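The values are calculated or read from the model by the stated rules, or taken from the named source; none is laboratory data. Not measured: the values here are computed from a predicted model. Please note: Cβ atoms are built from the backbone with ideal geometry, for glycine as well, and neighbour counts cover all protein chains shown.
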Amino acid sequence: MELTSFQAILFIFLLSIYLYIFFLRPKSKKTTAHGFRIYPLVGTLPDFLRNRHRFLDWSTGVLSGCPTNTAVFHRPGKVHGVITANPQIVEHMLKSNFENYPKGPRFRILLTDFLGKGIFNTDGELWRIQRKTASYEFNTKSLRNFVMENVYVELQTRLIPILESAARTDRVLDVQDILERFAFDNICKVAFNVDPGCLGGDGTAGAEFMQAFEDAATLSSGRFMYALPSLFAIKKFLNLGSEKKLRKYIATVHEFADKIIRTRLEEKAEKKDEDLLSRFIANSENSAEFLRDIVISFILAGRDTTSSALSWFFWLLSSRPDVEERILKELENIRRQNGKSIGEIYSFDELREMHYLHAAISEAMRLYPPVPVDTKACKENDILPDGTVIGKDWFISYHTFAMGRMESIWGEDCCEFKPERWIENGICKQESPFKYPVFHAGPRMCLGKDMAYIQMKSIAASVLERFGMDVLLENGNPPEPLLSLTLRMKGGLPVRVKERIIWA
Ligand code: HEM
């Protein structure tokens with residue numbers, strides 16, 4: 001440990017100032033517009049600290065007990081905020097009053113080391129430019145075809161052979177890890193036309209980068225959980241503990257992204273690729289550093305979201321043979337109608353016909369949303385639709401994980417995995433994005449939603465029709481959620497794969 005005695009004394013000194021300022025200050029007693037006492041979600045610091053490791057379940061319980069599923073949050077260091085699971089408030093902050101709820105400085109400061117000025121971490125003009133440039137690319141038919149083609153190649157040449165080999169040798173696989181590798185290869189190919197081959201060979205390539213990316217995301221999101229909000233800055237300044245590790249992981253991630261940028265800038269003169277990165281490179285005002293931030297944001301968007309959704313989907317399915325049966329029946333019907341056999345590529349139109357599969361994946365994300373909590377800042381004092389007063393510079397988070405578990409939104413069976421709730425006359429219906437903000441809503445709505453469903457449905461269909469999975473969690477316990485920037489499973493999802501007998 002390279003901590004000098006000067007650093008240690010400085011650390012203790014700064015910590016003492018913090019403790020003095022924040023613990024001895026009187027607590028504020030706010031009221032809503034109607035004069036009700038605010039429901040103190042994290043009114044006392046010990047409460048928060050006690051439940052920090054199970055934040056999602058605990059805060060869900062608190063929100064379901066609040067009359068408008070909304071609570072006010074006070075923490076040391078002048079951190080005040082609102083957490084909500086109320087669709088009207090979600091609509092207010094994400095759409096009707098969008099300009100008043102940017103990401104804001106707190107979000108930017110905590111994530112800037114990892115995400116820089118990438119699309120996830122910017123507001124105003126910097127965000128608008130990236131959104132506009134990326135939107136062109138996401139709306140093209142050529143992107144859709146490219147995604148279809150790459151998903152197929154990754155499935156046929158990498159994922160399926162790995163599962164076949166694991167089934168034949170009785171090897172235990174971590175499905176979460178495999179899906180992250182799949183998604184990572186896929187997003188790099190689609191966005192930057194680079195194939196990192198993480199799922200190539202025996203599916204263990206690129207381990208250092210994958211681990212560094214994962215740890216950088218987890219430690220960055222951990223900065224939101226400090227009891228004393230700027231403690232991370234002190235640790236960062238002194239290069240201590242988690243901040244020291246974070247610095248190292250970020251350096252590895254930057255090195256990977258820098259290599260992509262360097263290669264692409266060198267090729268620029270010769271090639272004229274029409275992928276996402278080339279659209280940003282075409283603007284000569286974009287610095288190499290800004291391009292790197294863009295690359296990292298897209299890796300985050302593409303790698304951790306679909307893999308999270310599918311990991312929870314496969315786990316939920318493992319205890320619901322009835323749902324699996326209905327999915328297999330749907331696939332069989334589509335194959336029969338289109339004269340296909342198992343293993344042949346599904347076209348875009350055939351994927352669209354998979355209504356029950358679409359419903360089952362959407363239902364898995366309702367209960368386990370890949371982005372479980374999303375936070376904005378309040379620019380000017382405001383009154384929320386339920387009458388809660390929110391102050392300038394407060395944060396406001398909508399809690400998608402809790403929203404999937406609110407009786408007020410989904411009824412008494414809200415905690416049940418029930419794909420049927422999405423089906424109306426055989427068609428998977430669209431839900432209001434304010435009731436189901438899994439892909440966000442309003443002007444900053446997810447750009448990759450369609451691409452994500454293509455990928456998730458292709459993987460689920462191809463895997464399920466050929467393989468069964470036995471989940472190997474101790475005593476049949478559910479996976480422990482790991483709250484990073486996305487919702488992952490602590491320790492992964494170990495499974496034993498069995499090949500289905502296919503009658504020709
Ligand atoms: C199941 C899969 C996915 C889910 C649940 C999901 C969810 C979300 C959410 C909640 C946001 C808002 C985040 C924020 O406030 O900053 C978002 C934004 C975004 N997503 Fe996705 N996403 C998924 C897949 C993808 C994929 C595959 C891509 C493709 C690269 C993608 C690209 C983006 C982009 C570019 C934004 C930023 C939009 C903006 O700030 O204007 N997403 N997504």
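Select from the range 439-498 the residues that are among the basic types (K, R) and under 22 Å from E325 (Cβ atoms) and list them in ascending order.
Of all residues in the range 439-498, those among the basic types (K, R) come to 444, 449, 457, 466, 488, 490, 496, 498.
If the condition is that a residue be among the basic types (K, R) and under 22 Å from E325 (Cβ atoms), then K457, R466, R496, K498 are the ones that fit.
Condition first: within 15 Å of the ligand (Cβ to nearest atom) and not hydrophobic (A, V, I, L, M, F, W, C). Now tell me which residues in the range 389-401 satisfy that. Break it down into steps so the answer makes sense when it comes.
So the first thing to find is which residues in the range 389-401 are within 15 Å of the ligand (Cβ to nearest atom), and the list is 395-401.
Once the filter is applied, which keeps residues that are within 15 Å of the ligand (Cβ to nearest atom) and not hydrophobic (A, V, I, L, M, F, W, C), the range 389-401 yields S397, Y398, H399, T400.
Are any residues in the range 208-232 closer than 17 Å to N121 by Cβ and without any contact (Cβ under 8 Å) to a residue 40 or more places away in the chain, and if so, which ones? Lay out the reasoning, then the answer.
As a first pass, look at the range 208-232 and keep what is closer than 17 Å to N121 by Cβ: 213, 216-224, 232.
L219, G222 - these are the residues of the range 208-232 that are closer than 17 Å to N121 by Cβ and without any contact (Cβ under 8 Å) to a residue 40 or more places away in the chain.
Among the residues of the range 456-483, the one identified as within 16 Å of the ligand (Cβ to nearest atom) and surrounded by fewer than 20 Cβ atoms within 10 Å (Cβ to Cβ) is P481.
Taking the range 406-459 as the search range and keeping residues that are among the charged types (D, E, K, R) and part of a helix (DSSP H, G or I), which one is nearest to A85 (Cα to Cα)? Out of the qualifying residues, it is E407. A single entry from D413, D386, D382 fulfils the requirement of being closer than 26 Å to R128 by Cβ, more than 16 Å from the ligand (Cβ to nearest atom) and over 16 Å from the mean Cα position of the chain (by Cα): D382.
Residue-wise test of (1) within 16 Å of the ligand (Cβ to nearest atom); (2) surrounded by fewer than 19 Cβ atoms within 10 Å (Cβ to Cβ).
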{"residue": "I296", "(1), (2)": "yes, no"}
{"residue": "G302", "(1), (2)": "yes, no"}
{"residue": "S308", "(1), (2)": "yes, no"}
{"residue": "V323", "(1), (2)": "no, no"}
{"residue": "N333", "(1), (2)": "no, yes"}
{"residue": "G339", "(1), (2)": "no, yes"}
{"residue": "C378", "(1), (2)": "yes, no"}
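When you scan the range 177-190, do you find a residue that is farther than 28 Å from E266 by Cβ, among the acidic types (D, E) and under 19 Å from the mean Cα position of the chain (by Cα), even just one? Yes - at least one qualifying residue is present in the range 177-190. Are any of the residues in the range 267-286 at pLDDT 90 or above, near the ligand (Cβ under 10 Å from one of its atoms) and in contact with a helix residue (DSSP H, G or I) (Cβ under 9 Å, 6 or more places away or on another chain)? Looking through the range 267-286, none of the residues is at pLDDT 90 or above, near the ligand (Cβ under 10 Å from one of its atoms) and in contact with a helix residue (DSSP H, G or I) (Cβ under 9 Å, 6 or more places away or on another chain).
Check whether at least one residue in the range 259-266 is at pLDDT 90 or above, away from the ligand (no atom under 16 Å from the Cβ) and either within 30 Å of S142 (Cβ to Cβ) or surrounded by fewer than 22 Cβ atoms within 10 Å (Cβ to Cβ) (or both), and report yes or no. The answer is no, given that none of the residues of the range 259-266 is at pLDDT 90 or above, away from the ligand (no atom under 16 Å from the Cβ) and either within 30 Å of S142 (Cβ to Cβ) or surrounded by fewer than 22 Cβ atoms within 10 Å (Cβ to Cβ) (or both). Here E420 meets each of (1) free of Cβ contacts under 8 Å to residues at least 40 places away in the same chain; (2) surrounded by fewer than 16 Cβ atoms within 10 Å (Cβ to Cβ); (3) out of contact with any Lys or Arg (no Cβ under 7 Å at 6 or more places or on another chain) with one exception, condition (1). The helices (runs of 4 or more DSSP H) found wholly in the range 271-388 and carrying at least 1 residues that are among the aromatic types (F, W, Y), closer than 30 Å to L126 by Cα and touching a Leu at 6+ places or on another chain (Cβ under 8 Å) occupy 276-281, 288-318.
Scanning the range 142-160 for residues that are more than 14 Å from K457 (Cα to Cα) and β-branched (V, I, T) yields V153, T157, I160. Of the residues making up the range 443-455, those that are buried (at least 16 other Cβ atoms within 10 Å of the Cβ) and over 16 Å from the mean Cα position of the chain (by Cα) number 1.
Pairs are defined by a Cβ separation below 9 Å, a sequence spacing of at least 6 or placement on different chains, a first member in the range 286-298 that is small (G, A, S), and a second member that is more than 11 Å from the ligand (Cβ to nearest atom) and assigned to a helix (DSSP H, G or I); the pairs so defined are A288/D258; A288/I261; A288/R262; A288/L265. Residues considered: F192, F184, F107. Of these, the only one that is within 12 Å of the ligand (Cβ to nearest atom), within 30 Å of E243 (Cβ to Cβ) and in contact with a Cys (Cβ under 6 Å, 6 or more places away or on another chain) is F184.
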